[in-house]
There are 2 protein chains.
Amino acid sequence: MVAPSPTTVSGKQPGHPGPVRVVIIGGGFAGVDAAKAFKDKDVHVTLIDKRNYNLFVPLLYQVASSQLTQEHVAQPLRHMFRDQRNVDVVFNEAIDIDEENRLVILAADDPIPYDYLIMAAGARDSYFGNDQWAEYAWGLKNLEDAARIQRQILLNFELAEVETDRAERERLLTYVLVGGGPTGVEMAGAIAELARFTLTREYRNIDTRHTRIVLLEGMDRIFPAFDSKLSVAATRDLEKLGVEVRTKAMVTNVDATGVEINNEERIEAGLIIWAAGIQGAAINDGVSDVAELDRGKRVIVTPELHIAGHPEIFVVGDTAHVPGPEGKPLPGVAQVAQQGARHAAENILRAMEGESYTPFVYKDYGSMATIGRNHAVAQIGKMQFTGYLAWAIWAFIHILRLVNFRNRVFVFWKWMWDYIGYNRSGRIITGYRHQPVNDGK
Amino acid sequence: MVAPSPTTVSGKQPGHPGPVRVVIIGGGFAGVDAAKAFKDKDVHVTLIDKRNYNLFVPLLYQVASSQLTQEHVAQPLRHMFRDQRNVDVVFNEAIDIDEENRLVILAADDPIPYDYLIMAAGARDSYFGNDQWAEYAWGLKNLEDAARIQRQILLNFELAEVETDRAERERLLTYVLVGGGPTGVEMAGAIAELARFTLTREYRNIDTRHTRIVLLEGMDRIFPAFDSKLSVAATRDLEKLGVEVRTKAMVTNVDATGVEINNEERIEAGLIIWAAGIQGAAINDGVSDVAELDRGKRVIVTPELHIAGHPEIFVVGDTAHVPGPEGKPLPGVAQVAQQGARHAAENILRAMEGESYTPFVYKDYGSMATIGRNHAVAQIGKMQFTGYLAWAIWAFIHILRLVNFRNRVFVFWKWMWDYIGYNRSGRIITGYRHQPVNDGK
């Protein structure tokens with residue numbers, strides 16, 4: 001069942017005419033960078049995504065909190081590759097892999113054959129065996145998630161405005177964020193600013209400044225991936241914004257109106273946002289007969305980033321378990337995804353030249369997260385930054401990383417404008433008050 | 001059953017303390033201008049809308065054609081009135097009127113009492129007795145409509161890209177616009193530019209320039225409300241963009257895959273947009289026991305803009321039938337709505353001072369519509385403009401009419417940017433390919 005190593009052929013697979021066929025599943029950071037790496041090469045790339053756009057996930061929380069719009073953080077994949085003629089963008093869902101015949105099975109239309117496959121379908125929320133919590137504790141991984149959270153935040157203020165029962169009003173104005181990583185911290189800060197500054201003059205019956213925002217972290221500090229000094233700085237910044245930071249707080253139950261912590265305390269909440277765990281994409285099940293998955297459903301790969309025994313199937317990004325130093329897998333961050341994707345593409349090009357694969361070496365350029373405007377924490381090599389300086393670095397780097405010049409200019413301008421006015425323009429509630437829209441999932 | 005004339009009381013209604021209570025149904029052009037007219041007056045205004053935003057309808061077609069985003073053309077009502085403290089914005093749907101007890105009945109929460117009522121709930125699509133066509137021929141009256149049309153346009157190109165049957169591919173690339181007024185013409189031009197310029201390099205299997213766009217008008221010329229010279233100019237501009245302009249073309253049937261014209265010809269279409277007729281809002285049924293409705297379900301009002309026999313109920317905007325010169329009702333345009341709303345508010349303030357109502361006199365400042373970029377037709381008093389000059393006037397006036405300075409700047413900048421590049425950034429398809437989202441209606 002082990003497929004013949006593609007490194008034994010030079011540049012072309014037998015049995016079909018034309019250039020080597022590389023199929024990429026997923027148009028996120030990893031998939032896009034892999035496709036770009038084949039520019040001007042004698043390779044035909046098929047880039048499959050169930051959405052028609054690439055999403056800049058690090059700013060997704062700004063869409064959920066009405067600071068940016070979906071157009072600022074999403075870019076049609078076709079548009080990105082309009083001038084790279086060897087890339088064919090396929091708007092479809094990959095649902096299975098036929099390793100023997102080297103085919104990607106789609107939800108619609110015929111299977112797509114590949115000589116090399118790069119799996120880069122990303123991650124989804126993990127509720128650690130409590131999948132029933134998903135209905136009440138909403139994740140933030142895509143534009144539909146962001147739209148649903150944005151709508152509920154705005155709707156909760158509306159419902160609180162007309163609620164006569166005091167306890168229910170307080171529940172509607174309570175937000176619980178589960179997970180003290182960047183997503184939880186950034187959303188907590190963004191909701192706090194919305195409630196404390198932007199909305200203050202708009203309601204007649206409620207004082208939005210009394211909104212309660214609770215950030216729950218199971219470990220003994222938030223930002224466990226950062227140095228502990230940065231955890232202290234971030235906690236201080238959040239508390240200045242009125243966010244309750246609760247550490248050693250494990251969520252033991254979730255229902256429609258609240259969460260239970262450590263089996264003993266209950267918090268009634270109008271919205272629960274889940275940022276506590278991720279797992280590999282569903283398509284990983286399609287290779288579970290030939291590859292090993294870890295507990296988080298990520299595909300375990302060789303140091304060369306392919307499935308053991310299948311040198312023609314690479315797995316990169318959040319959906320891959322790449323062995324790192326000290327036996328721990330590399331973290332699920334954009335840098336690992338992008339560097340890994342480029343390395344996988346280089347290995348394919350190397351094989352086409354008759355050379356051997358090389359192992360992937362990850363270079364960590366640092367991490368950062370923002371806490372409301374003006375505050376951030378950043379760890380760049382051995383240097384640490386907090387406060388305004390970290391925020392300025394954060395803003396600069398995120399503008400630069402946006403996909404094209406147009407979005408950089410528009411987002412920069414929007415940020416500057418809103419920075420002056422504390423305003424958020426896009427506070428549109430889709431659908432009617434008592435008729436939420438389907439979230440498209 | 002005839003309520004006592006509020007002109008008999010001076011400034012306050014008996015039976016309740018506090019200022020005079022004016023309730024406005026609808027936060028469109030008319031409702032917003034009526035509420036603003038009570039600024040700094042001893043009046044408590046309740047502004048009810050089933051959406052939480054005011055919509056700048058003249059640019060809605062640009063959202064449907066991926067030129068602007070919903071945030072550019074919609075503004076939260078609470079934000080607009082955050083500093084006018086005598087306005088209470090109620091995010092709820094008015095479903096009935098109790099004229100005897102002077103109450104507005106809501107879909108949720110308690111009824112709202114009024115001393116004066118201003119009905120300004122706008123218009124909805126009319127299919128002239130063929131309501132079953134609504135499923136296939138989509139109107140363009142709100143943001144949900146625009147999102148649905150935008151999604152289907154982008155999706156049709158995607159489906160055509162992978163369609164192997166030639167006839168089906170041609171159907172997917174055929175757009176039919178029913179109605180040769182501004183909405184039909186502007187959408188036809190916008191789709192033509194999208195297909196002929198913006199998308200040309202993005203697909204690999206189809207040539208988007210071969211997209212067929214058919215504009216159907218039942219009368220003998222498009223823009224029947226304009227001077228016939230402008231109809232000729234607009235037809236020429238549309239034909240230059242490759243739009244087929246069909247006059248004397250009555251739609252006699254509509255189904256899932258096409259339209260029938262004049263009982264004899266069929267056009268297979270991937271998307272049918274309905275811009276052929278409107279009728280008054282559903283809430284008008286709530287006053288049908290005390291007021292006369294015309295054939296278009298609009299409430300017929302006195303020259304003073306109230307319901308005959310009910311001087312405390314005003315009806316303004318697209319939902320009102322205001323008698324005009326030569327016995328014809330005034331047209332359903334923003335100018336009539338805004339001037340009428342201000343006049344209704346002034347009549348209420350007049351009554352509070354013990355004065356009598358005055359009849360409404362409409363002042364027509366002109367009409368205009370745009371055909372793609374660079375071309376428009378405009379009729380201002382006796383002057384007529386076409387081509388680039390009309391387009392510049394159109395762009396200038398529409399920027400000025402946007403609700404706030406922020407949106408003016410952002411839209412102007414977006415237009416300038418896209419003008420240079422022919423680009424449209426926001427081409428995001430919500431939901432997956434085979435799982436359309438609920439349109440929220």
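The values are calculated or read from the model by the stated rules, or taken from the named source; none is laboratory data. In this text the structure is predicted, and so the values were computed from the model without any measurement. Because the Cβ atoms are built from the backbone with ideal geometry, glycine has one as well, and the counts that use them run over all protein chains shown.
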Filtered residue count, the stretch B:58-86, keeping only those that are surrounded by fewer than 24 Cβ atoms within 10 Å (Cβ to Cβ), among the basic types (Lys, Arg) and facing another protein chain (nearest Cβ under 7 Å): 1
May I ask you to say which residue of A:186, A:135, A:170 is touching a Phe, Trp or Tyr at 6+ places or on another chain (Cβ under 6 Å) and either at pLDDT below 95 or not aliphatic (A, V, I, L, M) (or both)? A:186
So the check is Cβ under 6 Å with 6+ separation or different chains; which pairs have a first residue in the stretch A:361-384 that's over 30 Å from residue A:418 (Cα atoms) and a second one that's part of a loop (DSSP other than H, G, I, E, B)? A:362/A:330
Can you tell me which residues in the stretch B:172-213 are small (Gly, Ala, Ser) and part of a helix (DSSP H, G or I)? B:184, B:188, B:189, B:190, B:192, B:195
Here is a check on your reading of the model: is residue B:118 touching a helix residue (DSSP H, G or I) at 6+ places or on another chain (Cβ under 7 Å), surrounded by 20 or more Cβ atoms within 10 Å (Cβ to Cβ), over 22 Å from residue B:337 (Cα atoms) and not basic (Lys, Arg)? no
When residues of the stretch A:233-257 are limited to those that are free of Cβ contacts under 8 Å to residues at least 24 places away in the same chain and either among the hydroxyl-bearing types (Ser, Thr, Tyr) or crowded, with 16+ Cβ neighbours inside 10 Å (or both), the one nearest to residue A:371 (Cα to Cα): A:235
Does residue A:415 meet the test of being surrounded by 20 or more Cβ atoms within 10 Å (Cβ to Cβ), outside the structural domain of residue A:135 (by TED's automatic domain parsing) and at pLDDT 70 or above? no
Quick test for you: out of A:427, A:408, A:401, pick the one residue that is farther than 24 Å from residue A:236 by Cβ, at pLDDT 75 or above, crowded, with 20+ Cβ neighbours inside 10 Å and among the charged types (D, E, K, R). A:427
Going by what's in this entry, would residue A:134 be described as outside any loop (DSSP other than H, G, I, E, B), under 21 Å from the mean Cα position of the chain (by Cα), within 14 Å of another protein chain (Cβ to nearest Cβ) and surrounded by fewer than 21 Cβ atoms within 10 Å (Cβ to Cβ)? no
Are any residues in the stretch A:88-101 surrounded by 23 or more Cβ atoms within 10 Å (Cβ to Cβ) and either more than 9 Å from chain B (Cβ to nearest Cβ) or touching a residue at least 60 places away in the same chain (Cβ under 8 Å) (or both), and if so, which ones? A:89, A:94, A:97
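Residues checked against (1) aromatic (Phe, Trp, Tyr); (2) within 14 Å of chain A (Cβ to nearest Cβ):
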site: B:167; (1), (2): no, no
site: B:172; (1), (2): no, yes
site: B:175; (1), (2): yes, no
site: B:180; (1), (2): no, no
site: B:186; (1), (2): no, no
site: B:190; (1), (2): no, no
site: B:210; (1), (2): no, no
site: B:226; (1), (2): yes, no
site: B:233; (1), (2): no, no
Given the condition touching a residue at least 12 places away in the same chain (Cβ under 8 Å), out of contact with any Asp or Glu (no Cβ under 6 Å at 6 or more places or on another chain) and more than 14 Å from chain A (Cβ to nearest Cβ), answer yes or no: does some residue in the stretch B:399-409 qualify? yes
Suppose we filter B:260, B:217 for residues that are over 23 Å from the mean Cα position of the chain (by Cα), assigned by TED's automatic domain parsing to the domain that holds residue B:165 and surrounded by 14 or more Cβ atoms within 10 Å (Cβ to Cβ); which single one remains? B:260
Which condition number in (1) at pLDDT below 95; (2) crowded, with 17+ Cβ neighbours inside 10 Å; (3) within 14 Å of chain A (Cβ to nearest Cβ) is the one that residue B:206 fails? (1)
The lone exception for residue A:83 - which of (1) at pLDDT 95 or above; (2) under 23 Å from residue B:206 (Cα atoms) it fails: (1)
